[in-house]
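Visitor: Structure incoming, see below.
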Amino acid sequence: EGVEPITLGFIQRHVEGYPLGGIWDRPLLGFDDANGNNVIEPGEYTIGDTAVFRGSALPTRELGVRTGLSFFGNLFNLAALVDYRGGHWIENGTDSFRCSVLIYCRNLVDPTASLELQAKGAAYGYGDDNGITEWGFFEPAWFIKLRELSLTFNAPDRIARALGASRASLTLSGRNLLTIDDYSGIDPEVNGFGQGREGGSNFAATDFFSQPQVRHWVARFNLGF
């Protein structure tokens, strides 16, 4: 009681009664192409004067499903792991930064951009009397990922003995092979500031020119003696 909200970097806060590291900013209340020129200009959108809660920066729902299948008398084993995380938001700091530079922002230079996209870009690129807001660059960060997929060949005993072993197997596995999401960036599962100060380190929910989760394949040959 009596402790003021703790601000983490630009848009995240610890606020009593809300999720730790929650995302806050002044809302984009509305927009209107008043002069009908299909361009949202300063004065044609409204930004709230007080920051409000947009959503949790950390997943509020997580689910993992692992399954396996053996066939041809256990000669082959197929295994998969699917991950789901949802109920949280991410700041598309890559796009908002581009809009702060203006000329690199699709929202503000592409005539085919929708009025809504233009308003989101203008509210951050131009702002108004209440300042700028990244409200339009907060996006749902839910995703479903095929986290792991592996196929193992368990060699017959005669092959293992020929190799001087009691058992032998060959496994081909892949990681981060498929992502399903609604995020306009590359990957919603990023922490653009790692263990740095921004966003309170592990609370960070910012994609700022961040490297996505790496997709890779591994082949492993096992011998037992």
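The values are calculated or read from the model by the stated rules, or taken from the named source; none is laboratory data. A quick note: this is a predicted structure, and the numbers were derived from the prediction, not measured. Cβ atoms come from the backbone with ideal geometry, glycine included; neighbour counts cover every protein chain shown. In case anyone asks, the SASA skips ligands and DNA or RNA and just uses the protein heavy atoms, side chains included. Shrake-Rupley method; radii C 1.70, N 1.55, O 1.52, S 1.80 Å.
Visitor: Only one of the listed values, [x] 18.0; [y] 17.3; [z] 13.3, was derived from the coordinates as mean projected area of the Cα convex hull in nm²; which label is it?
Guide: [x]
Visitor: Let me have the relative contact order for the chain, percent, based on Cα pairs under 8 Å that are six or more residues apart.
Guide: 20 percent
Visitor: Sticking with this one: Could you give each residue of the stretch 125-132 its phi-based ³J(HN,Hα) in whole Hz, using Karplus coefficients 6.51, -1.76, 1.60 with θ = phi - 60°, and x for Gly or Pro?
Guide: x, 10, x, 8, 4, 8, x, 9
Visitor: Test of the criteria: in the stretch 60-126, which chymotrypsin sites (Phe, Trp or Tyr not before Pro) are in a DSSP loop and have at most 12 other Cβ atoms within 10 angstrom of their Cβ?
Guide: Listed in order of number, the matching sites are F72, Y104.
Visitor: Here's another thing I want to ask about it. Tell me, what is the FRET efficiency for I186 and L223 to the nearest 0.05, using R0 = 45 angstrom and their Cβ-Cβ distance as r?
Guide: Calculated transfer efficiency: 0.70.
Visitor: Right, next: Which order do the peptides 15-25, 54-64 take when ranked by the mean count of other beta-carbon atoms within 10 Å per residue, highest first?
Guide: 15-25, 54-64
Visitor: Relative contact order of the stretch 109-225: what whole-number percent is it, with Cα pairs under 8 angstrom and at least 6 residues apart?
Guide: Relative CO of the stretch 109-225 lands at 24 percent.
Visitor: About the Cα centre, and with charges only on the beta carbon of Lys, Arg (+1) and Asp, Glu (-1), how big is the dipole of the stretch 29-161? Nearest 20 debye, please.
Guide: So the magnitude is around 1280 debye.
Visitor: Please arrange K145, K120 by accessible surface area, largest first, computed with a 1.4 Å probe and ligands excluded.
Guide: K120, K145
Visitor: On to the next question. Summarise the accessible area of the stretch 1-53 (1.4 Å probe, protein heavy atoms) by the percent that is carbon and sulfur.
Guide: 51 percent
Visitor: Counting heavy atoms of the protein chains only and a 1.4 Å probe, report the per residue accessible area for the chain as a whole number of Å².
Guide: Spelled out: the 1.4 Å probe surface of the chain, per residue, equals 58 Å².
Visitor: Does the stretch 33-97 come out rounded, prolate or oblate by the C-alpha gyration tensor, with a ≥ b ≥ c the root eigenvalues, rounded set by a/c under 1.5 and, if not, prolate when a/b is larger than b/c and oblate if not?
Guide: Prolate shape, in that a/c is at least 1.5 and a/b is the bigger ratio.
Visitor: Calculate the dipole size of the chain relative to its Cα centre from +1 charges on Lys and Arg beta carbons and -1 charges on Asp and Glu beta carbons; express the result in debye to the nearest 20.
Guide: 2000 debye
Visitor: What residue among Q211, Q12, Q118 shows peak mean-square fluctuation when the chain is described by a Gaussian network model with Cα springs under 10 Å?
Guide: It is Q211.
Visitor: Same structure, new question: Among T94, A119, V65, flag the residue with its Cα farthest along the positive direction of the charge dipole of the chain, charges on Cβ as +1 for Lys/Arg and -1 for Asp/Glu.
Guide: The listed residue farthest towards the positive side: V65.
Visitor: Let me ask another. Rounded, prolate or oblate, given the Cα gyration tensor of the stretch 1-131, with a/c below 1.5 counting as rounded?
Guide: oblate
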